[in-house]
Amino acid sequence: MAVTGAVMVLFLIGHMLGNLKIFLGRDSFNEYAHALRTLAEPLAPYRTLLTIVEIVLVVSVVLHMWAAISLSRRAHHARPVKYVAKKSQAAGYATHIMRFGGITILLFVIWHLLDLTFGVVNPKGFDAAPADRMVAGFDASRWWVTLIYLVAVVMVGLHLRHGVWSAFQTLGWANRSRNRTLRLSAGLLSAVLVIGFLAPPLAITFGVVK
């Protein structure tokens with residue numbers, strides 16, 4: 001679970017940096033989108049590396065979900081009888097964030113792909129330039145899409161914050177002397193990604209980027 005989570009974190013960082021190119025203009029964003037599809041040409045056919053990245057990402061998502069379900073079942077079978085003492089509010093909060101946050105994120109990713117990748121629910125459609133789809137997708141008239149995006153990205157941030165911290169524990173890096181630093185690192189990474197992902201859609205919705 002930690003390994004697949006790390007793969008997705010690396011993807012999120014790269015995806016966020018790419019999205020921020022919209023602030024440099026539509027041409028810059030379109031060139032970035034085109035570059036993703038022509039990486040390694042002419043040594044490799046068009047879109048080869050991007051397809052490999054997509055396959056790795058899909059496999060990581062599936063394995064991450066499988067790991068989450070497997071760990072949950074293992075925990076249940078290890079102790080089928082609930083503890084007499086109730087869970088702390090913090091523990092319950094983390095459990096709900098990871099469980100329902102993961103479902104929310106999955107549903108959002110499906111919508112996100114249909115909107116900005118395949119253009120099925122995008123006003124500009126599939127044939128439009130990537131920058132045109134992005135601007136049309138978060139137009140002020142579609143404020144509800146931006147709202148959905150905002151909620152989903154915040155859920156990603158909360159999921160990521162707890163997930164990164166859990167990964168630190170899983171890898172054996174956490175101890176009393178490092179706990180504070182590692183918690184701050186997990187929170188900082190999550191905050192940077194949330195702000196980075198929310199900046200473009202909010203800028204488009206409020207007319208900063210047109």
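The values are calculated or read from the model by the stated rules, or taken from the named source; none is laboratory data. Given the structure is predicted, the values throughout are model-derived calculations rather than measurements. Here Cβ is always computed from backbone atoms with ideal geometry, including for glycine, and neighbour counts include all displayed protein chains.
Points to keep in mind about this one:
- Considering only residues in the range 156-187 that are more than 30 Å from M134 (Cβ to Cβ) and in contact (Cβ under 8 Å) with a residue 24 or more places away in the chain, the one that is surrounded by the fewest Cβ atoms within 10 Å (Cβ to Cβ) turns out to be L171.
- Beta carbons closer than 8 Å, at least 6 apart along the sequence or on distinct chains, pair a first residue in the range 17-35 that is among the acidic types (D, E) with a second that is surrounded by 14 or more Cβ atoms within 10 Å (Cβ to Cβ) for D27/A131.
- Residue list for the range 114-138, restricted to those being part of a helix (DSSP H, G or I), of a type in the set (A, V, I, L, M, F, W, C) and either loosely packed, with under 13 Cβ neighbours inside 10 Å or at pLDDT below 95 (or both): L114, L116
- Residue in the range 153-172 that is of a type in the set (F, W, Y) and part of a helix (DSSP H, G or I) present: yes
- In the set S141, S190, only one residue is in a helix (DSSP H, G or I), among the polar types (S, T, N, Q) and either closer than 15 Å to M16 by Cα or touching a residue at least 24 places away in the same chain (Cβ under 8 Å) (or both); that residue is S190.
- Any hit, the range 105-113, residues being more than 18 Å from the chain's Cα centre (by Cα), at pLDDT 90 or above, under 20 Å from N19 (Cβ atoms) and surrounded by 10 or more Cβ atoms within 10 Å (Cβ to Cβ): no
- Condition met for I52 (part of a helix (DSSP H, G or I), surrounded by 13 or more Cβ atoms within 10 Å (Cβ to Cβ) and either among the β-branched types (V, I, T) or at negative phi (or both)): yes
- Residue match in the range 71-89 (condition: at pLDDT 95 or above, in a helix (DSSP H, G or I) and among the polar types (S, T, N, Q)): no
- Of all residues in the range 21-76, those satisfying the criterion of being in contact with a Phe, Trp or Tyr (Cβ under 8 Å, 6 or more places away or on another chain) and over 23 Å from V3 (Cα atoms) are K21, I22, R37, T38.
- If only residues of the range 173-187 that are among the hydrophobic types (A, V, I, L, M, F, W, C), part of a helix (DSSP H, G or I) and under 21 Å from V7 (Cβ atoms) are counted, the one that is modelled with the highest pLDDT is A186.
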